[in-house]
């Protein structure tokens, strides 16, 4: 669950025989090995006067490190940092009533710090947190309210309330409240608008939970610093990693005991390792509901390399980034900056295959791929890249008939690289990783960056708007890329069910599902509402959408594919189908008994029927399946049992079809590595 505060490129791994598996990533800071850049800035109050005594926090959400500075009488300050993940400044006036956040993308930092910055503060807004336990107010609870960059902590008063102040334009991403005796609770707003100004939290009764760290040989990893977040059986993630109480050091058994985790069985525990010399390979959550989460960790080693730039180039601070593939489908994100002569140093774990390159406003490079350290104790591979001038690229993002500019849209950019290697088990593997970063549009809907030659994937994210384009950069000639939506805000679609060419009013328990398929990503779901007159209403921000109405009581369903210009569509209702078969292990044809199988819409996790359980012979049966729409059969992952996947997942049924005798052959995940 480790995430960056901004969008990351999607990374996919091809694992044995070209089977795709999503590669999980762990972000990691390497500040000590990268040249430090010097940022000079002046902080001003809204009236333009110097903000004397202003507090400046430079956050790095990977290492859990914060560097601070205080503005002098003229409002000026200096910060020295590699800014590996961009400039992320949280600036507060001495009384905290005026605040601001300041962002600069990592590839733009080197040029941004060339001249002094000016940061103007604005009036902060209050956020009220109310903490209770068993219906009573809690005094002395620690609360933490976090935005993209800003983070404020406070302690509740005797009435259970605490007020923190945040920058006016900073959306709330999470709120957490913690008491050492009464427990913890929180809300996770990531991916939402986050405009709330008040949060009420009722603490969940506590119960012990142990996090255990082991190395590759199963030995306790003692003395490692960690933090953790939790997901109770009911509700979303509680980002306790932002609390001081969650930061701990493993004991001689490699363990940390958290006595304040929720007593109800945990659905998930996510651990962050806060040391550059180690990374996480895998997290075992099979025993998490029983109070134990085991994390497998691996040591990183320092490696040296060089980017060969043209003669006379001062390469101080040029960014290198990319991705690496490791055991257990969990990779690593390399991030470092070059010295003046183009040399660089970074940490790398053994037995990881890398895709690495330069991403900078002015410079790019070829993509290097390979294994840096074959095994523990082995010498490092020679790292050499060729630096060259980047191609200037400008972006423009607009909406509506008058092409209204869209500010603060995220643009995610990446070039693809392939790496082939032999893993620790002696199996040949191939991975496709990406080298890139992000930019944000200004108030005029404009942004710019530099790109390397070749095929570049660009993905925009603005509210509910998500779209991907691929361009081909062939030379140093500037490139212009435009993103435009024909409408302002969300589209509103009305779908009218019909039967025998007449209006159809569905049963009260009819269910409507809506989704948009996205290449390389899980389909995006939209909220579809069945109205009193039987029509279906959907608000969405996509050019295309699939819409399905299922009336199980009358054994009918309607399906439509919505296009860019549609504001109304018909939903012809047709007879549902039935489907039965046997689930078997692909290796030997043995039945997979007592396994939960689901029927989902293509590329999504939207159920079109109640999940079914296979019997002793592996047999399953679905009734009332919609016709005329692509569906896929899925096997539910269950704690403590081998994980199986189905890859022949395209199932489409004719109206009224009764399909029997199908054999669904499942692949054991362990055999995919």
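The values are calculated or read from the model by the stated rules, or taken from the named source; none is laboratory data. Computed from a prediction, not measured in an experiment: that's the story for all the values here. With ideal geometry, Cβ positions are generated from the backbone for all residues, glycine too; neighbour counts draw on all protein chains shown.
For region 265-273, indicate whether the set of residues that are surrounded by fewer than 16 Cβ atoms within 10 Å (Cβ to Cβ) and over 30 Å from residue 375 (Cβ atoms) is non-empty.
yes
How many residues are part of a loop (DSSP other than H, G, I, E, B) and either in the same structural domain as residue 436 (by TED's automatic domain parsing) or in contact with a strand residue (DSSP E or B) (Cβ under 8 Å, 6 or more places away or on another chain) (or both) when one looks only at region 73-116?
15
Assess whether residue 401 counts as being over 22 Å from residue 355 (Cβ atoms) and part of a strand (DSSP E or B).
For residue 401, the condition - over 22 Å from residue 355 (Cβ atoms) and part of a strand (DSSP E or B) - is not met.
Can you name the condition, by its number, that residue 616 falls short on among (1) in contact with a strand residue (DSSP E or B) (Cβ under 7 Å, 6 or more places away or on another chain); (2) in contact (Cβ under 8 Å) with a residue 24 or more places away in the chain; (3) over 30 Å from residue 460 (Cα atoms)?
Here residue 616 meets the rest and fails (1).
Would you call residue 257 under 28 Å from residue 350 (Cα atoms), touching a strand residue (DSSP E or B) at 6+ places or on another chain (Cβ under 8 Å) and in the same structural domain as residue 205 (by TED's automatic domain parsing)?
no
Tell me, yes or no, whether region 377-399 has at least one residue that is modelled with pLDDT of 90 or more, surrounded by fewer than 18 Cβ atoms within 10 Å (Cβ to Cβ), closer than 24 Å to residue 85 by Cβ and within 24 Å of the chain's Cα centre (by Cα).
no
Sort out which residues of region 126-144 are surrounded by 14 or more Cβ atoms within 10 Å (Cβ to Cβ) and either in a loop (DSSP other than H, G, I, E, B) or in contact with a helix residue (DSSP H, G or I) (Cβ under 9 Å, 6 or more places away or on another chain) (or both), and write them in order of number.
Listed by number, the residues that qualify are 138, 139, 140, 141, 142, 144.
Within the set of pairs 6+ apart or on separate chains, which have a first residue in region 549-569 that is farther than 14 Å from residue 496 by Cβ, a second that is modelled with pLDDT under 95 and surrounded by fewer than 12 Cβ atoms within 10 Å (Cβ to Cβ), and C-beta atoms under 7 Å apart?
Pairs found: 553/509.
Test of understanding: among 433, 417, 463, which residue is out of contact with any strand residue (DSSP E or B) (no Cβ under 8 Å at 6 or more places or on another chain) and over 20 Å from residue 392 (Cα atoms)?
It is 463.
Does any residue of region 288-296 turn out to be assigned to a strand (DSSP E or B) and touching a helix residue (DSSP H, G or I) at 6+ places or on another chain (Cβ under 6 Å)?
no
Report, ordered by the first and then the second residue, all pairs with beta carbons closer than 7 Å, sequence separation of six or more or different chains, a first member in region 498-509 that is within 16 Å of residue 568 (Cα to Cα), and a second member that is not in a loop (DSSP other than H, G, I, E, B).
Cβ pairs passing all conditions: 498/570; 498/571; 498/572; 498/573; 503/496; 504/497; 504/498; 504/573.
Considering each residue of region 539-557, count those that are crowded, with 20+ Cβ neighbours inside 10 Å and assigned to a strand (DSSP E or B), and give that number.
10
Kindly list the number of the only condition in (1) in contact (Cβ under 8 Å) with a residue 40 or more places away in the chain; (2) touching a strand residue (DSSP E or B) at 6+ places or on another chain (Cβ under 6 Å) that fails for residue 180.
(2)
Of all residues being in a loop (DSSP other than H, G, I, E, B) and within 12 Å of residue 602 (Cβ to Cβ) in region 627-647, which is nearest to the chain's Cα centre (by Cα)? Just the residue, please.
Of everything passing the filter in region 627-647, 630 is nearest to the chain's Cα centre (by Cα).
Please count how many residues of region 558-585 are in contact with a strand residue (DSSP E or B) (Cβ under 7 Å, 6 or more places away or on another chain), outside any strand (DSSP E or B) and surrounded by fewer than 18 Cβ atoms within 10 Å (Cβ to Cβ).
Adding up the residues that qualify gives 2.
Out of 232, 220, 137, report the one residue that is more than 26 Å from the chain's Cα centre (by Cα), closer than 30 Å to residue 282 by Cα and free of Cβ contacts under 8 Å to residues at least 60 places away in the same chain.
When all the criteria are applied, what remains is 220.
If you go through region 575-595 one residue at a time, do you hit one that is within 32 Å of the chain's Cα centre (by Cα) and under 23 Å from residue 634 (Cα atoms)?
yes
Test residue 157 against the criterion of being in contact (Cβ under 8 Å) with a residue 24 or more places away in the chain and in contact with a strand residue (DSSP E or B) (Cβ under 9 Å, 6 or more places away or on another chain), and give yes or no.
Answer is no for this residue.
Please find, among 98, 80, 6, 61, the residue that is buried (at least 22 other Cβ atoms within 10 Å of the Cβ) and either at pLDDT below 55 or within 25 Å of residue 304 (Cα to Cα) (or both).
Residue meeting the stated conditions: 61.
Output yes when any residue across region 628-647 is in contact (Cβ under 8 Å) with a residue 60 or more places away in the chain, outside the structural domain of residue 551 (by TED's automatic domain parsing) and farther than 30 Å from residue 425 by Cβ, and no when none is.
Checked against the condition, which is being in contact (Cβ under 8 Å) with a residue 60 or more places away in the chain, outside the structural domain of residue 551 (by TED's automatic domain parsing) and farther than 30 Å from residue 425 by Cβ, region 628-647 yields at least one hit.
Does residue 411 satisfy the condition of being buried (at least 21 other Cβ atoms within 10 Å of the Cβ) and either at pLDDT 95 or above or farther than 25 Å from residue 353 by Cβ (or both)?
So residue 411 passes the test.
I'd like the full set of residues that are surrounded by 21 or more Cβ atoms within 10 Å (Cβ to Cβ) and modelled with pLDDT under 90, limited to region 222-261.
242
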